[in-house]
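A short worksheet on the structure shown next.
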Amino acid sequence: MMERTSEGLVIWLTGLSGAGKTTLAVRLAEWLSARGLPVERLDGDILRGRFPDTGFTRRERDEHIRRVGFMASLLEKHGVAVVCSFISPYRQARREVREMCRRFIEIYIRASVEACEARDVKGLYARARAGQIANFTGLDDPYEPPENPELIVDTDRQDVDESLATITAYLERLL
Ligand code: ADP
């Protein structure tokens, strides 16, 4: 068991809906907890559930990410390992969050639109295709892939355990 570090960090999972962000965030939070670190998880669906007026225009998305990034930076300051799972489609907003935080690890949870749509865990792609959801990332709204993420995880070619192992192998070297 490694020693508990007093330094916090922010692990930021970005990617399309259905790419595997929440699944991996939950597993990663368990892994970090088992290592004795204080952990908090901030997740897009949960946060939007709490702030239901948050919309999906670029401006609203950016503002949402800025707020969440600020929360993450506060937790990090107190030694928490913060696991964030947000589509966060815009590079500029992710860059702003990086600048707010001290140790920021951006992980691109990468899967093709086709793979995510085939999974369609929440039925959102079907609803978007049926015209019931507008501004859906990957369909009629942009996703700007990270240019220099700390790590890329290809979830359409790996199972959950393999993807988690990719992330924890990276973190082991860092923590
Ligand atoms: P997101 O949070 O990115 O919208 P979810 O985690 O809710 O995505 O859903 C991802 C789905 O893909 C889950 O059903 C999960 O079991 C499945 N999946 C398949 N392979 C992987 C992988 N390598 N990593 C993460 N999830 C995966």
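The values are calculated or read from the model by the stated rules, or taken from the named source; none is laboratory data. In this text, all values refer to a predicted model and were calculated from it rather than measured experimentally. Quick reminder, even Gly has a Cβ in these numbers, built from the backbone with ideal geometry, and neighbours come from all protein chains shown. Note: accessible area is taken over every heavy atom of the protein model, side chains too, but ligands, DNA and RNA are not part of it. Shrake-Rupley method; radii C 1.70, N 1.55, O 1.52, S 1.80 Å.
Scanning the stretch 132-155 for residues that are acidic (D, E) and open to solvent by less than 70 Å² (accessible area, probe 1.4 Å) yields D141, E144, E150, D154.
Taken as a whole, the stretch 50-66 holds at least one residue that is part of a loop (DSSP other than H, G, I, E, B) and in contact (Cβ under 8 Å) with a residue 24 or more places away in the chain.
All of D140, D161, D62 fail the test of being within 15 Å of the ligand (Cβ to nearest atom) and either modelled with pLDDT of 95 or more or farther than 26 Å from E30 by Cβ (or both), apart from D161. Somewhere in the stretch 5-20, is a residue outside any strand (DSSP E or B), within 16 Å of the ligand (Cβ to nearest atom), open to solvent by 50 Å² or more (accessible area, probe 1.4 Å) and under 22 Å from A128 (Cα atoms)? Within the stretch 5-20, none of the residues are outside any strand (DSSP E or B), within 16 Å of the ligand (Cβ to nearest atom), open to solvent by 50 Å² or more (accessible area, probe 1.4 Å) and under 22 Å from A128 (Cα atoms). Within the stretch 108-129, the presence of at least one residue that is more than 16 Å from the ligand (Cβ to nearest atom), more than 14 Å from the chain's Cα centre (by Cα) and open to solvent by 50 Å² or more (accessible area, probe 1.4 Å) is confirmed.
For the stretch 67-79, check the following and say yes or no: at least one residue is of a type in the set (G, A, S), within 16 Å of the ligand (Cβ to nearest atom) and more than 19 Å from A169 (Cα to Cα). Checked the stretch 67-79: no residue is of a type in the set (G, A, S), within 16 Å of the ligand (Cβ to nearest atom) and more than 19 Å from A169 (Cα to Cα).
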